[in-house]
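Here the structure comes first, spelled out in structure tokens, and everything after it is commentary.
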Amino acid sequence: MAKFSVTTAIVYVNDRPALHSVYELVAADVLARYHRLAGGDTFFLTGTDEHSINVERAARQQGMGARVYSDQMAQIYKDVEAQFRISYDRFIRTEDPDHVAGVQKLIGAIQASGDIYKGTYSGWYCPSCEAFYQESELNNGYCRIHPAIKASWLQEDNYFFALSRYQERLQQHIEKHPQFIQPESRRNEILGWLKAGLKDFSISRSTIAWGIPFPGDERHVVYVWGDALVNYITGVGYGSDEAAFRRWWPADLHIIGKDITRFHTVIWPAMLLSARLPLPRQVFGHGFMTLNGQRMSKSLGTIVDPLEAANRHGVDPLRLYLAKEITFGGDGDFSWERFDERYNVDLANNLGNLVSRVAAMAHRYRSGRVAPAGAPADGLARIGDEAASAYRRSMDALSLHEAVAAAFRIVDATNEFIASTAPWQLAKESSAADRLTQVLFDAAEAIRLAAVLLTPIMPSSSAEILRRVGVSADGLRLDRDGRWRPEGERLLAQEGPLWPRFEIGPTMSGKKEAATVADDSTQPSKPPALAPAGEGPASAPAPADNRIGIDDFMRVELRVAKVVAAERVPKSNRLLKLQVDVGSEQRTLVAGIAEAYEPEALVGKSVVVVFNLKPAKLMGIESNGMVLAASPDGGKPIVVTFEDAPAPGTRVR
Ligand code: ZN
């Protein structure tokens with residue numbers, strides 16, 4: 001049985017949980033659940049990082065001791081992780097006695113290798129990173145990761161780890177093992193950094209008391225990185241359970257944020273090499289999360305509370321969004337609008353509606369009971385098996401978003417299958433009775449397969465779907481259940497919608513309308529968008545075929561923009577080049593309104609722009625967006641503007 005051990009970075013308890021830290025947990029959880037489903041022997045480690053000056057400070061601010069504060073915060077994180085169904089095997093706290101003992105053992109092993117010496121450290125220090133930087137690594141004296149924090153010059157006596165001795169071995173290891181650092185861009189970054197040379201690294205602090213006593217000199221505590229990183233081995237038994245340690249170490253995968261790649265690919269492996277321990281197989285640095293394109297940060301007010309996000313449509317829809325909408329490894333954006341939209345498109349209209357329709361037809365035509373009764377749908381079975389293989393390949397390659405997309409290919413194919421086989425037509429022909437039974441069975445089977453594949457991403461919802469298509473979610477195994485199974489009788493459950501449509505109103509506070517009607521005049525064919533739960537053919541053709549659904553409309557992001565500057569585009573009678581403030585940034589765009597407006601007249605005006613339009617080059621100028629204007633026949637364009645202008649960036653719909 002394949003072994004798979006995965007870790008997340010342990011979270012700093014100096015602040016409450018935020019969506020971007022939950023993102024990392026969800027990604028690791030999806031992979032852990034996938035490997036369990038595949039029959040792998042899996043260990044998933046996560047936890048809290050409690051020893052740091054920031055934690056001490058946060059505790060003091062709240063008038064409590066660091067230990068009491070850490071206890072509370074660890075509990076808050078555990079509660080959030082329980083809500084998000086994070087299926088860790090161990091939640092380690094750096095205050096745990098076995099961790100403390102393990103850190104001291106590791107420092108002892110590094111001392112025994114002769115890699116620790118006493119010295120004086122001085123340098124530019126960011127207290128939030130808890131790291132020293134070269135002047136050139138700062139931005140006018142400010143930390144690049146914490147733009148609000150000015151680095152301070154710090155000098156203290158402490159113990160040093162002889163990191164420089166490992167430069168060559170690290171470089172060789174990274175060059176010889178292309179998988180060690182992923183994605184590739186991070187690997188190149190680290191190699192470049194290594195080649196510039198490594199400095200010894202201070203591994204103790206005498207200025208703080210909140211930490212693990214340094215072996216041999218209790219006036220010092222172990223520097224937080226020399227403590228936190230070690231959780232990856234103490235969490236699987238280093239220093240306390242040798243058998244467990246041999247079983248689970250080295251870890252197969254450390255999932256971390258890209259900003260801490262250096263610590264994990266240079267300092268951490270050097271410490272392990274010094275202690276003569278094996279290195280982890282892979283360090284994967286995922287990207288940052290943004291809110292409406294802006295970095296999530298407390299100072300910008302762009303932190304999203306994960307529980308608030310989960311309350312909107314449920315934990316599973318949020319897990320799906322995080323796994324599906326963000327390219328794992330790249331930066332990813334979250335916005336409430338997009339979350340609402342994906343919820344409606346992927347779940348309410350697509351998967352949820354499919355489950356309801358198939359159950360409704362099975363009940364209408366076959367009392368809910370379906371079984372193979374004729375020639376199976378080869379096409380659908382083939383798509384199902386191909387998608388299942390693609391899903392496994394993508395998961396193994398850590399391409400979570402592609403794995404989810406593969407599962408949804410089955411859902412899409414099933415919708416098309418129902419549209420093309422038209423069960424409601426078959427029901428009218430007595431000679432097609434077996435064919436109808438088979439079609440319903442095939443549709444139910446496709447739903448079953450998709451739900452199995454989605455289990456690691458949406459554990460509760462997938463179990464519910466499996467129950468509704470008459471199979472058990474217990475003891476699922478990918479090799480047996482993760483492929484097309486042309487046999488068995490299924491009793492389908494006809495129940496209310498799994499995911500009621502979220503009505504997107506004119507304000508941010510949409511509300512859920514349960515049971516999206518149900519007469520028989522529903523659209524069975526694709527696109528499934530907007531087809532309510534029900535079945536049967538469209539009884540009346542749509543009066544206007546060019547109408548679009550709300551989801552199509554919502555894809556067009558219209559926003560208020562304030563014109564900051566305007567000028568004519570040289571050699572063009574028609575074009576103006578505008579500089580506009582869209583709230584989060586300033587953009588350049590080109591508008592064909594020069595015949596109607598003098599540039600000066602537009603400055604200060606608030607207009608409406610298509611915010612998510614792909615850039616286009618006009619007369620050599622890249623235009624990022626489009627200004628809305630009325631175009632009267634034969635007349636000059638009239639720009640859409642406001643009587644009372646809302647703030648730039650406000651969404652228009
Ligand atoms: Zn910093």
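The values are calculated or read from the model by the stated rules, or taken from the named source; none is laboratory data. Only a predicted model underlies this, so the values are computations on that prediction, with no experimental measurement involved. As a convention, Cβ positions derive from the backbone with ideal geometry for all residues, glycine included, and neighbour counts pool all protein chains shown. Just the protein is used for accessible areas: all its heavy atoms, side chains included, with ligands, DNA and RNA removed. Shrake-Rupley method; radii C 1.70, N 1.55, O 1.52, S 1.80 Å.
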Worksheet item: If the Cβ limit is 9 Å and pairs must be 6+ apart or interchain, which residue in segment 627-653 that is among the hydroxyl-bearing types (Ser, Thr, Tyr) pairs with which residue that is surrounded by 15 or more Cβ atoms within 10 Å (Cβ to Cβ)?
Response: Ser631/Pro637; Thr641/Lys605; Thr641/Ser606; Thr641/Val607; Thr641/Val608; Thr650/Arg559; Thr650/Val560; Thr650/Gly583
Worksheet item: Limited to segment 170-184, what total is found for residues that are closer than 13 Å to Val283 by Cβ and of a type outside the set (Val, Ile, Thr)?
Response: 9
Practice prompt. Report yes if some residue within segment 84-99 is out of contact with any Pro (no Cβ under 7 Å at 6 or more places or on another chain), free of Cβ contacts under 8 Å to residues at least 24 places away in the same chain and not acidic (Asp, Glu); otherwise report no.
Written response: yes
Item to complete: Just name the residue that is nearest to the ligand (Cβ to nearest atom) out of those in segment 179-192 that are outside any loop (DSSP other than H, G, I, E, B) and among the hydrophobic types (A, V, I, L, M, F, W, C).
Response: Ile190
Discussion item. Looking at (1) closer than 28 Å to Tyr343 by Cβ; (2) open to solvent by less than 10 Å² (accessible area, probe 1.4 Å); (3) not aliphatic (A, V, I, L, M), which one does Gln438 not meet, given that it meets all the others?
Written reply: (1)
Discussion item. For segment 194-221, give me each residue that is in contact with a Ser or Thr (Cβ under 6 Å, 6 or more places away or on another chain), surrounded by fewer than 21 Cβ atoms within 10 Å (Cβ to Cβ) and in contact (Cβ under 8 Å) with a residue 24 or more places away in the chain.
Written reply: Leu198, Asp200
Practice prompt. Considering only residues that are in a loop (DSSP other than H, G, I, E, B) and either without any contact (Cβ under 8 Å) to a residue 40 or more places away in the chain or more than 29 Å from the chain's Cα centre (by Cα) (or both), look in segment 148-165 and name the one that is farthest from the ligand (Cβ to nearest atom).
Written response: Ala162
Practice prompt. Return a yes/no flag: does segment 36-50 have any residue that is part of a helix (DSSP H, G or I) and among the aromatic types (Phe, Trp, Tyr).
Written response: no
Worksheet entry | Long-range neighbours under 7 Å by Cβ, at least six apart or interchain, first residue touching a residue at least 12 places away in the same chain (Cβ under 8 Å) within segment 461-481, second among the charged types (D, E, K, R) and outside any helix (DSSP H, G or I) | Arg468/Glu495; Val469/Arg490; Gly470/Arg490; Val471/Arg490
Worksheet entry | Meets criteria (within 25 Å of Gly301 (Cα to Cα) and buried (at least 19 other Cβ atoms within 10 Å of the Cβ)) for Val580 | yes
Item to complete: Starting from segment 166-178, take each residue that is modelled with pLDDT of 95 or more and assigned to a helix (DSSP H, G or I) and list its partners that are surrounded by 12 or more Cβ atoms within 10 Å (Cβ to Cβ) and of a type in the set (S, T, N, Q), counting only C-beta distances under 9 angstrom and pairs at least six apart or across chains.
Response: Tyr166/Ser274; Leu170/Thr265; Ile174/Thr265
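Tell me which residues, restricted to segment 552-584, are among the acidic types (Asp, Glu) and more than 18 Å from Phe611 (Cα to Cα).
Correct list: Glu567 only.
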Item to complete: Spot the failing condition for Arg169; the list is (1) among the charged types (D, E, K, R); (2) within 16 Å of the ligand (Cβ to nearest atom); (3) exposed (fewer than 15 other Cβ atoms within 10 Å of the Cβ), and only one is missed.
Response: (2)
Practice prompt. Inspect all residues belonging to segment 115-138 and state whether any of them is modelled with pLDDT of 95 or more and either of a type in the set (A, V, I, L, M) or in contact with a Gly (Cβ under 7 Å, 6 or more places away or on another chain) (or both).
Written response: yes
Worksheet entry | For Leu426: the one exception among (1) open to solvent by 10 Å² or more (accessible area, probe 1.4 Å); (2) touching a residue at least 24 places away in the same chain (Cβ under 8 Å) | (2)
Worksheet item: So how many residues does segment 263-302 have that are of a type in the set (S, T, N, Q) and under 19 Å from Asp331 (Cα atoms)?
Response: 5
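Residue-wise test of (1) among the small types (Gly, Ala, Ser); (2) open to solvent by less than 10 Å² (accessible area, probe 1.4 Å); (3) in contact with a Phe, Trp or Tyr (Cβ under 7 Å, 6 or more places away or on another chain).
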site: Ala397; (1), (2), (3): yes, no, no
site: Ala405; (1), (2), (3): yes, no, no
site: Phe417; (1), (2), (3): no, no, no
site: Val452; (1), (2), (3): no, yes, no
Discussion item. For segment 269-289, give me the residue count where each residue is modelled with pLDDT under 95 and open to solvent by 30 Å² or more (accessible area, probe 1.4 Å).
Written reply: 1
Discussion item. So the check is Cβ under 7 Å with 6+ separation or different chains; which pairs have a first residue in segment 2-14 that's within 9 Å of Glu50 (Cβ to Cβ) and a second one that's in a strand (DSSP E or B) and not charged (D, E, K, R)?
Written reply: Ile10/Thr46; Ile10/Gly47; Ile10/Thr48; Ile10/Ile92; Val13/Thr48
Worksheet item: Which of the residues that make up segment 604-620 are open to solvent by 30 Å² or more (accessible area, probe 1.4 Å) and either within 14 Å of Gly592 (Cα to Cα) or part of a strand (DSSP E or B) (or both)?
Response: Ala616, Lys617, Leu618, Met619
Worksheet item: Among Arg574, Arg587, Arg555, which is assigned by TED's automatic domain parsing to the domain that holds Glu643, buried (at least 19 other Cβ atoms within 10 Å of the Cβ) and not hydroxyl-bearing (Ser, Thr, Tyr)?
Response: Arg587
Response to the item:
Note on segment 26-63: residues open to solvent by 10 Å² or more (accessible area, probe 1.4 Å), touching a strand residue (DSSP E or B) at 6+ places or on another chain (Cβ under 9 Å) and under 30 Å from Tyr391 (Cβ atoms) are Arg33, His35, Arg36, Ala38, Gly40, Asp41, Thr42, Phe43
Worksheet item: Quick one: how many residues across segment 96-141 are within 13 Å of the ligand (Cβ to nearest atom) and surrounded by fewer than 15 Cβ atoms within 10 Å (Cβ to Cβ)?
Response: 3
Worksheet item: Pairs, please: C-beta under 8 Å, at least 6 apart or cross-chain, first residue polar (S, T, N, Q) and in segment 116-129, second within 16 Å of the ligand (Cβ to nearest atom) and assigned to a loop (DSSP other than H, G, I, E, B)?
Response: Ser128/Cys143; Ser128/Ile145; Ser128/His146; Ser128/Ile149
